[in-house]
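Enquirer: Okay, handing you the structure first.
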Ligand code: PRX
C-alpha cells in the first residue's frame, strides 16, 4: 500500500446481465455491438463524431470536427444550427407534431400536456417576448423558477434566440441569485410569484426583488403567476409573462447559430470559493445530450420518460429538456415534493401516467428506503422498463432495493456517472448491452476516455484506487468557466496537464468496470489506509436498520485520522447503545477492524446540498465540535446542523 493510491474496501461481486427480452429490442443489444462502436469512437474520434453529428439538423453542416488547443476545445467548426429547432420544429415537421412533448403534473394535482406543436408555439411566443424586451443573441438571461412548464419554455426560448441562460435553482435565496446574476451580468430574469413546495409557497419574486436591488445589469424581470401570492411589480422593470406572451406572435424563425455559440452557464459550487460558472456551447452539448439520452435510456417513441431532477441542475438541463426533447420523447415533469401529500406521490405518478423510464438520485432512493416499501407496493409500477441513478455513488444495498421494490426485479438500472462540467453522461451501462454491478457506473460512453491515475500520473493497476481523469476532449465538455479561463485551466487541467481531472477518486476492476469512490477531498487516511468514505457508508447502509450514512475523518493522535459516522435509521428503528455497538461490529466485519468508526452518531438527517449531496465538509466540523466554517449557503436545511449540535450536547 503506497500513500498515493486509495484503498478500495468494497466487497461487491453481484452481476446482473441485461435481461434477454430487453436486449433483443434494444438499440445497442450486445456487449460486442457496444465494444465495436466504442473502439471506433476512440480510435477514429473525428470520423466517429462527424458521422454522429449527422443525426442533428444543421443549417450549415460543420466543416471541421475538433480543434483542440489544450485545454480549449472547439467542436464542429463552421457548422450552424439552432438547438430549439432540433428540439421542436424538427418534430413538428414530422408525425410527432401532435405527440405529447411534456406531461406536467403540478404539486396540487392538476395536469397540463403540451404537444410538440403547442410547445413550439409557446417557445416562439416567449422568444418574441424576450426580443421585444431587447434581449439579443449573446445576452444573459437568469431563470429562477420552480418546476413549471414555463421554466423549460424559457430555456428553449433563450436557446432559440441565442441568449445564454443561467438557471438558478429555486431553492437558493436572494444572495445566491444576486451573485450569479452579477457574475454573468444578466440583462433579464424570469421568475414566478411563488413556487409550490411541500404544500407551501416559496416566494420567488420576493427573493428576486431583494437580489435585483444589487444587480445593476438586470433591466427586466418577467413573472409567471403560479401561486397567486401577493407580489410587488416595479413599473418599467417588471412584466407579467401572461401579458408579454399574449401580445407576442406564435411564429418565430429560428436563427442559425454557430456550433460554438454559448448556450448556457450553470453555476456549481466547488468545495471552496465562489461558485464557478460552467459554460456550455451549442452543437457539442446538444450532440452529447441527444446521443446519451438515446442510447443510455434506450429511448423509444412510446416511452414516457421521467427524470425527477430539478431544472436548476445540469441533470434537469440535459435529461429533462435538451436530451429527451431533441429525441422527440414524451417527458414527464412533476412540480413538487415526493411526499406531498404523502410518500406515495412518485409511485402514483408512475401509475397514473404510465411512466416507463424513471431516472432519480441515490439520495432520493435512500429516502424511499427510509419511508418503507409499503408506499411503492400500493401502486402498479409495471409500466416501468428501465431505471437510472445519478448524482452520487449509489450504495449497493440501495441499488438492490431500487431494483427489487421499484423495478420488480425486472428493470435494468443504469448508474450514470457525469458532472455539470461533462454536460452529458460519461460512464454508464447501456441497458441492453452491458451487465450491471450494484455501485459501479461500469463502462465509458462512446468517445469518452477515462483513466484512473496515481498521483505521479502513471496509470493505476486493477482495483487500485486513484484519481479519475478523462484524457481526450469530448463534444459536450465545458468550454470554460464564465469570464475566467485561468480558473478553468487550474481547476481542471493543471493536476495532469492536458487531461481533464474530475476531482473524483475511482478504481477500475478486473472487467474494466469503473467504481467511483467519491470526491478526492473526502478521502480519509486511517493508520495509513487511504479510504474513500463512500465505501464505508455503503457498508453501513447494508445494515438492515440503516437508511443513510455519512462518514468523515477527524484528526486522531493514534491513527492520523479516525472515522466518525453519522447514521440515519429506517423509520421503524430507534437509536440505542446495543445498535451503536452492532453497527461498529458490522463495519469491522464487512471491511476490517481498521475501518471501525471511532464514533457513531445517530442523526435524524445529515446535511446535504440542495441537490442532495451529503456535505461532509460541514460534518467534519460538527464531528470535531467546531463551528461550521466556509460557505453554508448551498446547504439545503440549515436546521440540520443545529440539530446535529444539539445531539452532541445531550
Ligand atoms: O462526485 C461525482 C458525483 O457527482 C459529481 C458531479 O456533480 P454535479 O456536477 O452536481 O452533477 C450531478 C449530476 C451529473 C461527480 O463529480 N456523481 C455523479 N454521478 C455519479 C457520481 N458519483 C458516482 N456515481 C455516479 N453515478
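Each reported figure results from applying straightforward, stated rules to the coordinates on display, with no laboratory input. Note that the structure is predicted; figures quoted are calculated from it, not measured. Quick reminder, even Gly has a Cβ in these numbers, built from the backbone with ideal geometry, and neighbours come from all protein chains shown.
Enquirer: Taking neighbour counts of Cβ atoms within 10 Å as a proxy for exposure, in what order, fewest first, do 202, 212 appear?
Expert: Exposure proxy ranking, most exposed first: 202, 212.
Enquirer: Counting other beta carbons within 10 Å of each residue's own, what order do 220, 317, 228, 165 fall into, fewest first? Walk me through the numbers before you get to the answer.
Expert: Working: 220 20, 317 26, 228 9, 165 23.
If I rank by nearby Cβ atoms, fewest first, I get 228, 220, 165, 317.
Enquirer: Suppose R0 equals 51 Å. What FRET efficiency, 1/(1 + (r/R0)^6) with r the Cβ-Cβ distance, do residue 588 and residue 98 give to the nearest 0.05? Don't skip to the answer; put the middle values down first.
Expert: Details: r = 61 Å, r/R0 = 1.20.
Once the sixth-power term is evaluated, E becomes 0.25.
Enquirer: What FRET efficiency comes out for the pair residue 32/residue 300, r = Cβ-Cβ distance, R0 = 25 Å, nearest 0.05?
Expert: Numbers: r = 22 Å, r/R0 = 0.88.
Between residue 32 and residue 300 the formula returns 0.70.
Enquirer: As a test, work out the antiparallel percent of DSSP beta bridges whose residues both lie in region 329-447, rounded to the nearest 5.
Expert: Details: 2 of 9 bridges.
Taking every DSSP beta bridge with both residues in region 329-447, the antiparallel ones total about 20 percent.
Enquirer: For a footprinting-style exposure proxy, rank 315, 363 by other Cβ within 10 Å, fewest first. Display every interim value, and only then the final one.
Expert: Details: 315 25, 363 20.
Fewest to most other Cβ atoms nearby, the residues stand as 363, 315.
Enquirer: Mind pulling up the Rg/Rh value for region 299-449? Radius of gyration and Kirkwood radius, both on Cα. Mind showing how you got there, number by number?
Expert: On the way: Rg = 14.5 Å, Rh = 15.6 Å.
Ratio value, two decimals: 0.93.
Enquirer: Could I ask something else about it? Could you work out how far apart the two model spin labels at residue 112 and residue 201 are, taking each label as a point 7 Å from the Cα in the direction of the beta carbon, and quote it in nm?
Expert: Result: 1.7 nm between the two label points.
Enquirer: How high is the relative contact order of region 523-649? Use alpha-carbon pairs under 8 Å, at least six apart in sequence, and give a whole percent. It would help to have the intermediate numbers written out before the result.
Expert: Details: 205 pairs, mean separation 26.7, N = 127.
Rounded, it is 21 percent for region 523-649.
Enquirer: What's the extension gain from residue 182 to residue 570 if we count 0.36 nm per residue and subtract their Cα-Cα distance? List each step's numbers first, then the result.
Expert: Working: separation 388, 0.36 × 388 = 139.68 nm, distance 4.30 nm.
Using 0.36 nm per residue and subtracting the Cα-Cα distance, I get 135.4 nm.
Enquirer: Using only the Cα atoms of the chain, each taken as one equal point scatterer with no solvent, compute I(q) by the Debye sum, divide by I(0), and report log10 of the ratio at q = 0.05 Å⁻¹.
Expert: Log-scaled intensity ratios, in q order: -0.21.
Enquirer: What span do the alpha-carbon atoms of region 84-255 cover on each of the three principal axes, reported in whole Å from largest to smallest?
Expert: 47, 37, 26
Enquirer: Find the relative contact order for region 84-255 and round it to a whole percent, using C-alpha pairs within less than 8 Å whose residues are 6+ positions apart.
Expert: Values: 308 pairs, mean separation 38.4, N = 172.
Relative contact order comes out at 22 percent.
Enquirer: Residue 14 to residue 57: extension gain in nm, 0.36 nm per residue of separation minus the Cα-Cα distance? Could the numbers behind the result be given before it?
Expert: Values: separation 43, 0.36 × 43 = 15.48 nm, distance 4.22 nm.
Additional length available on full extension: 11.3 nm.
Enquirer: Would you calculate, for the chain, the mean residue ellipticity at 222 nm contributed by helices, counting each DSSP H stretch of 4 or more residues as -39,500 (n - 2.57) and dividing by all residues, to the nearest 500?
Expert: Per the formula, -8500 deg cm²/dmol.
Enquirer: Another question, then. Taking 0.36 nm per intervening residue step and subtracting the Cα-Cα distance, what contour gain separates residue 68 from residue 456 on full extension?
Expert: Here the answer is 137.2 nm.
Enquirer: Would you please give the FRET efficiency between residue 46 and residue 490, computed as 1/(1 + (r/R0)^6) with r the Cβ-Cβ distance and R0 = 25 Å, to the nearest 0.05? Walk me through the numbers before you get to the answer.
Expert: On the way: r = 29 Å, r/R0 = 1.15.
The pair residue 46/residue 490 has a calculated efficiency of 0.30.
Enquirer: Between residue 136 and residue 228, what is the label-to-label distance in nm when each label sits 7 Å out along the Cα-to-Cβ direction?
Expert: Going from the residue 136 label point to the residue 228 one covers 4.1 nm.
Enquirer: Sketch the reach of a paramagnetic label on residue 339 as a point 7 Å from Cα along Cα-to-Cβ, and name the residues of region 578-604 whose backbone nitrogen lies under 13 Å away.
Expert: Under 13 Å, as judged by backbone N against the label point of residue 339, lie 604 of region 578-604.
Enquirer: Follow-up question, since we're still on this one. Tell me, what is the percent relative contact order of the chain, built from C-alpha pairs under 8 Å that lie six or more residues apart? It would help to have the intermediate numbers written out before the result.
Expert: Numbers: 1422 pairs, mean separation 92.0, N = 650.
Relative contact order, the chain: 14 percent.
Enquirer: Could you rank the peptides 13-26, 512-525 by their average count of other C-beta atoms within 10 Å per residue, with the highest value first? Before the final figure, lay out each step's value.
Expert: Working: 13-26: 14.7, 512-525: 20.5.
Output ranking for 13-26, 512-525: 512-525, 13-26.
Enquirer: Then there's this: Quote the Stokes-Einstein diffusion coefficient, in whole µm² s⁻¹, for region 523-649, based on the Kirkwood radius over alpha carbon pairs, a temperature of 25 °C and a viscosity of 0.890 mPa s.
Expert: Numbers: Rh = 14.7 Å.
Answer, rounded: 167 µm²/s.
Enquirer: Rounded to the nearest 5, what % of the DSSP beta bridges within the chain are antiparallel ones?
Expert: Working: 59 of 99 bridges.
Taking every DSSP beta bridge with both residues in the chain, the antiparallel ones total about 60 percent.
Enquirer: Give me the angle, in degrees from 0 to 90, between the Cα long axis of helix 31-43 and the longest principal axis of the Cα atoms of the chain, rounded to the nearest 10.
Expert: Between the helix axis and the principal axis of the chain, the angle is about 70 degrees.
Enquirer: On to the next question. How many Å³ per residue does the convex hull of the Cα positions in region 512-576 occupy?
Expert: On the way: hull volume 7.1 nm³, N = 65.
Cα convex hull per residue, to the nearest whole number: 110 Å³.
Enquirer: Using only the alpha-carbon atoms, how far is helix 362-371 inclined from the longest principal axis of the chain? Give it as 0 to 90 degrees, nearest 10.
Expert: 70
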